[in-house]
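S.K.: Mind having a look at this structure? Questions to follow.
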Amino acid sequence: MENRGKKIERMYYILAGILLVGFLFSYFSKGIKDYFVPKLKTFNYQVRTRILKQEDFYTNYTKNQAIVGDTIYFVPALKYEDFCLYAYNTKNKTLEMITKNWVNQVEPYEGIVYFRDVKDTLYRLNPKNKSIEKLFDNCADFQIVDNKIAYLNSENRNVILYDISNKTNIDLKIYPHKFLYMGDVIYYYFTDESSYIYEMNIKDKTYKTYRLQDPILNLMYYNGYFYTSVGNIKIVCFNNKFEKLWEIADQNRGIELSKILKGRVYYYSLSNREIERVLMSVDLEGKNPREELKVNGITYNNVEFIVEGNKDYIYDIKNKKKYEFPGIKPVLFYYPDKKEIDTLQGYRMVKANNKLFYSDYVKLIEHKLGSDDGDRVFISNNLKNIFVKDLKAVGGNLFFYGGQLYSFDIDSNTPNLVTNILTNRMFVDGDTIYIFSITNLYRIYNNKIERLLENAWVLYIGNGKIYYYPNENGITNGTKIMVLDIKTNKTEEIKNDGVYLSEILYINDKNIYYVEGNNLCVYNFETKEKNILHSNLLFFDGCLVSNEKIFFIEINDNGKFKIKCLNINTNKLSTVVEDIGYINSYLYDEKQKKLYYTISDYYKVLEVDAK
């Protein structure tokens, strides 16, 4: 019995030894394997292990196109002078305007089109019944993943997570300038220190920080790798720890990351000339570059705009299909009836009866002459995020623009959207409004809108004539001035002997008064002589012509503003307002011999005698 017990005891020792040897072998062989075999990239979060489809990628670029079924939803943007949302049905070849107001961002998700308008309101469009639902306000940017919308709150600048299913919000309590939302994790950074990338695990609220060699513009993610643009200089690919793997650059042209489709990284090759853009692509290792197509704009989705044989096309880069683009037409939404109200035009200021309306570039403000009441500031939902860049009076109504053109009813104090066309500048000649959009000029008259000029840079409009530089092959030709007579519809060229007019103050039948550098000059059409009237002037802006007087704003070396007046008859220059703060607006009343003006952060109209 004793021997049998010892045998059993020895068996237990042997088994224990075998287990110990097995454990040690397993442990050391794992170390040996880790030493000799390259380590595989592992990802800690569920979103990182998700294998995306060939056409899917995470990006924080602001997109303005979406493809749902047979319909392409898009914002034409700068190419077509229109930021409204349109729907183009590729099957029926029909184009439909979805919104009148501007749309800044478009994202598709689960067959629904989400879009953010100029007022930072987020909507969603159901393509089946064409219903539009408002989701929430104060959305400055958004991305959709896993039935949740991560958006940047435009008021507090914090990132909020909105659950589409139950309509609940979670404040992530981060305040970045840019972010990339990927479900369980969010990456974010700040534009003033964009070489630092911050990673937040949304579930357990843990953070990581990565430091890059260069500041970045935007960020993309595709199947375990990050891609970014460094300025317009190069494109860089990183692993999941933001360690650089490869980069591409072009010494002669700028490049900018676009999208990732079917195992290719797409980017734009940019020349110094705005009109030349080429869509290029490389493989996921940054090799095998190839030219895809020449494009007319920059987009960050599957849709590109191209021109072939003087025809515009929408090109689906994913499916390699192109559709003839029907073109965007100017639309007049609203034009007010003429009112019997006496108005006087100033610079960003209008006098209507006994009231002054003026702009501080952001708001529209009313001042009642002879009253001690404070000035009335018009701030409403209708004017949210709309800058009042200029203010004109036509037919007893006010007009202003902040991207789009609006009218303002003085009696009811309500704004109305006038047209869909982008407005860069506004001119008024009599009862006619002219809006300059990129390189085209439109006229609004007799309740209709029409395009008068294409590919031109408008210098001045007055007395029924339009003065402009022609745009030739994408370049503004400043060696000749073209004049279009509205009444006769005839165009003639004015030889200006190479005098480039950077800023025109006033044109009459004989002379052009203009700014050249720091000089106030006059050019005579007949004698073709140029004379410097006054030198060493630091011009700012704000020209106003009234009865042979030219008023303009000058800034001194200390950053203070003054209003000066040139008498056209005597060519004498005088100072009306001396060394004051930033001047927002002003108006000269010839009858009262007074000049009214406003300065920043001071909601009160000042006045001075100006005989």
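The values are calculated or read from the model by the stated rules, or taken from the named source; none is laboratory data. Given the structure is predicted, the values throughout are model-derived calculations rather than measurements. Backbone-built Cβ (ideal geometry, glycine too); neighbour counts: all protein chains shown. What goes into the accessible areas is simple: the full protein's heavy atoms, side chains included, and nothing from ligands, DNA or RNA. Shrake-Rupley method; radii C 1.70, N 1.55, O 1.52, S 1.80 Å.
S.K.: In debye, nearest 20: dipole of region 219-301 around its Cα centre with unit charges on the Cβ of K, R (+) and D, E (-)?
M.R.: I would put it at about 100 debye.
S.K.: Ignoring ligands, DNA and RNA, how do GLU308, GLU516 rank by accessible area with a 1.4 Å probe, largest first?
M.R.: So, going from the largest accessible area down, we get GLU308, GLU516.
S.K.: Excluding residues fewer than 8 places away in the same chain, name every one of the aspartates and glutamates whose C-alpha is closer than 20 Å to that of LYS549.
M.R.: Within the straight-line cut-off, LYS549 pairs with ASP429, GLU503, ASP509, GLU516, ASP541, GLU578, ASP589, GLU590, GLU607, ASP609.
S.K.: Using a Cα-Cα cut-off of under 17 Å, which lysines could be cross-linked to LYS311, ignoring same-chain neighbours fewer than 8 residues away?
M.R.: LYS311 reaches LYS79, LYS93, LYS294, LYS321, LYS322, LYS329.
S.K.: Using a cut-off of 13 Å between beta-carbons, work out the net charge of the residues near ILE72 (Lys and Arg +1, Asp and Glu -1, ILE72 not included). The partial results should precede the final answer.
M.R.: Values: positive: LYS63, LYS91, LYS93, LYS318, LYS321, LYS322; negative: ASP70, GLU96, GLU304, ASP316, GLU324.
Once positives and negatives cancel, what remains is +1.
S.K.: Any idea how far apart ASP342 and TYR198 come out in nm if each label point goes 7 Å out from Cα toward Cβ?
M.R.: Inter-label distance under the simple model: 6.0 nm.
S.K.: Tell me which trypsin sites (Lys or Arg not before Pro) from region 132-234 have a DSSP coil assignment and no more than 13 other beta carbons within 10 Å of their own. Before the final figure, lay out the partial values.
M.R.: Details: sites: LYS134, LYS148, ARG157, LYS167, LYS173, LYS178, LYS203, LYS205, LYS208, ARG211, LYS234; in loops: ARG157, LYS167, LYS173, LYS203, LYS205.
Listed in order of number, the matching sites are ARG157, LYS167, LYS173, LYS203, LYS205.
S.K.: With every protein chain present, what accessible area does HIS177 have (1.4 Å probe, heavy atoms only), rounded to the nearest 10 Å²?
M.R.: The value for HIS177 is about 80 Å².
S.K.: Using a simple charge model, +1 on the beta-carbon of Lys and Arg, -1 on the beta-carbon of Asp and Glu, nothing else, what dipole does the chain show about its Cα centre, in debye to the nearest 20? Show your work: numbers first, answer last.
M.R.: Values: 82 positive and 77 negative charges, 478 e Å.
Using only the charged Cβ atoms, the result is roughly 2300 debye.
S.K.: Sort GLU554, GLU193 from largest to smallest accessible area, using a 1.4 Å probe on the heavy atoms of the protein chains.
M.R.: On the way: GLU554 15, GLU193 75 Å².
Accessible-area ranking of GLU554, GLU193, largest first: GLU193, GLU554.
S.K.: Let me ask something else. Distance between Cα centroids, region 537-611 to region 389-453: provide it in whole Å.
M.R.: Spelled out, the Cα-based centre of one part sits 25 Å from the other.
S.K.: Ok, one more. Distance between the C-alpha centers of region 107-157 and region 224-255? Whole Å please.
M.R.: Computed from Cα coordinates, the inter-centre distance equals 30 Å.
S.K.: Provide the gained length on full extension for the span PHE57 to TYR602, in nm with one decimal, where the gain is 0.36 nm per separating residue minus the Cα-Cα distance.
M.R.: Values: separation 545, 0.36 × 545 = 196.20 nm, distance 4.88 nm.
Computed gain between PHE57 and TYR602 is 191.3 nm.
S.K.: Next up: For a quick check of your reading of the filter: which GluC sites (Glu not before Pro) in region 557-610 sit in a DSSP loop and have no more than 13 other Cβ atoms within 10 Å?
M.R.: On the way: sites: GLU578, GLU590, GLU607; in loops: GLU590.
When the GluC sites (Glu not before Pro) of region 557-610 are filtered for loop state and at most 13 Cβ neighbours within 10 Å, GLU590 remain.
S.K.: Each label point is 7 Å from the Cα along the Cα-to-Cβ direction; what then is the distance between the points at LYS329 and ASN556, in nm?
M.R.: 5.6
S.K.: On to the next question. From the residues LEU152, ASN169, THR94, which one has its Cα farthest along the dipole of region 92-181 in the positive direction, the dipole being from +1 and -1 charges on Cβ of Lys/Arg and Asp/Glu about the Cα centre?
M.R.: Of the options given, the answer is THR94.
S.K.: Run the 1.4 Å probe and let me know the accessible area of SER165, rounded to the nearest 10 Å².
M.R.: SER165 has an accessible surface of roughly 90 Å² with all protein chains in place.
S.K.: Against the longest alpha carbon principal axis of the chain, how many degrees, from 0 to 90 and to the nearest 10, is the axis of helix 2-36 turned?
M.R.: Helix 2-36 sits roughly 30 degrees off the main axis of the chain.
S.K.: Oh, and also: In region 97-166, which GluC sites (Glu not before Pro) are in a loop and have at most 12 other Cβ atoms within 10 Å, using DSSP for the loop call? All intermediate terms of the calculation are to be shown ahead of the outcome.
M.R.: Numbers: sites: GLU110, GLU133, GLU155; in loops: GLU110, GLU155.
Hits after loop and neighbour filter: GLU110, GLU155.
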